[in-house]
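The values are calculated or read from the model by the stated rules, or taken from the named source; none is laboratory data. Just so it is clear, the structure is predicted and the values come from calculations on it, not from any experiment. FYI the Cβ positions are ideal-geometry reconstructions off the backbone, even for glycines, and counts take in every protein chain you see. SASA here: full protein model, heavy atoms, side chains in, ligands and nucleic acids out. Shrake-Rupley method; radii C 1.70, N 1.55, O 1.52, S 1.80 Å.
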Amino acid sequence: MEGRVPPAPDGDDTDDNSLPLHSSGSKSLPPPPPSPLLITPPPDMNSETYVIQIPKDQIYRIPPPENALFVERNGKKPVEKNKKSRPQCWVWITGSILVVLALIIALILVTLSIVYRSKSPSFSVAHVLVKYAQNSTHKHSQSAGYTISLKANNPNEIMGIDYDSGGVVTLSSEGKKIATGKFPSLEQEENGFKKIKVFLKGTKETLPKEIEKSMKANKTKVPVSLTLNAKLRVKLKLGVIKTWILDMDVACKIKVNTLGVGSMILSEECQN
């Protein structure tokens, strides 16, 4: 049994004016006529089943609507993730900055607490030793070296003290400077005493008469009064945390029995 093929439309009956126009104004051609369908009867003529053969060029596959939904979902997800990840990134950055600022503020507060809660070290003079040599070219002048032994007390129980280099020490008598030197750079532990030796060099100026007599006296002791002034540069520390450099002035009044052999401290008082 043969299938009927619909007749192809006649090209002469087609009116050009009926063709659809594109947006550009040009006319579009009509779709091509469908190819004839071949209906092949089955071998068994008594059966009512037919086999229809469709040419390959006439097979049009239309994607199901589910594909459009799948593409739409998968296309929007990365954009949504990026939009969500940006606020999260800014949250992490802002949080990190706040943590760093909090640590810096805490460090500053701890340092200020160290400064305001700390106590200045106290000093006392333990011994004065003088070594001098007569200068033959200057009859009334002497070049002397002085060793002042100090005892430093740190009253802070949890804070140590660092004595920075650059401290200046002067020794005077009757208002006249007779020696100068540098305070040594050293560290002192918390809540303890430390012996410090300061080496001073004479100013090579004319010494007061009492100082000169006390230096030359052997049998008869000539007591003299001295003034020691020190401008110190210290740092307080708590573990690894240290303060900035703090200036400290120390003034000591000393009286010794002699500046010669067997020198002893008769009285001393230091203030800062």
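What the phi angles of segment 150-159 give under the Karplus curve with 6.51, -1.76 and 1.60, with θ = phi - 60°, is a coupling list of 10, 10, 9, 10, 9, x, 6, 7, 10, 10 Hz, glycine and proline written as x.
For Lys131, Lys195, what's the largest-to-smallest order of accessible area, 1.4 Å probe? Spell out each step's value before the answer.
Numbers: Lys131 145, Lys195 180 Å².
So, going from the largest accessible area down, we get Lys195, Lys131.
Shape analysis of segment 200-272 yields a ratio of the Cα radius of gyration to the Kirkwood radius, Rg/Rh, of 1.17.
Counting Lys +1, Arg +1, Asp -1, Glu -1, what net charge surrounds Lys182 among other residues with beta carbon under 13 Å of its beta carbon?
Once all neighbours under 13 Å are counted, the net charge is +3.
As a length-normalised measure over Cα pairs under 8 Å and 6 or more apart, the relative contact order of segment 152-272 settles at 26 percent.
A DSSP coil position with no more than 12 other Cβ atoms inside 10 Å describes the following trypsin sites (Lys or Arg not before Pro) in segment 209-254: Lys219.
Rounded to the nearest 20 debye, the dipole size of segment 151-206 about its Cα centre is 500 debye, using +1 on the Cβ of Lys and Arg and -1 on the Cβ of Asp and Glu.
The stretch between Thr220 and Asn272, if pulled fully straight at 0.36 nm per residue, gains 15.3 nm over its current Cα-Cα span. With each label modelled as a point 7 angstrom along the Cα→C-beta vector, the Ile265-Tyr116 pair spans 3.5 nm. Close amide H partners of Phe183, meaning residues 5 or more places away or on another chain with modelled amide H under 5 Å apart, are Gly166, Gly167, Val168, Val169.
The accessible-area ordering, largest first, of the residues Glu210, Glu268 stands as Glu210, Glu268, per a 1.4 angstrom probe.
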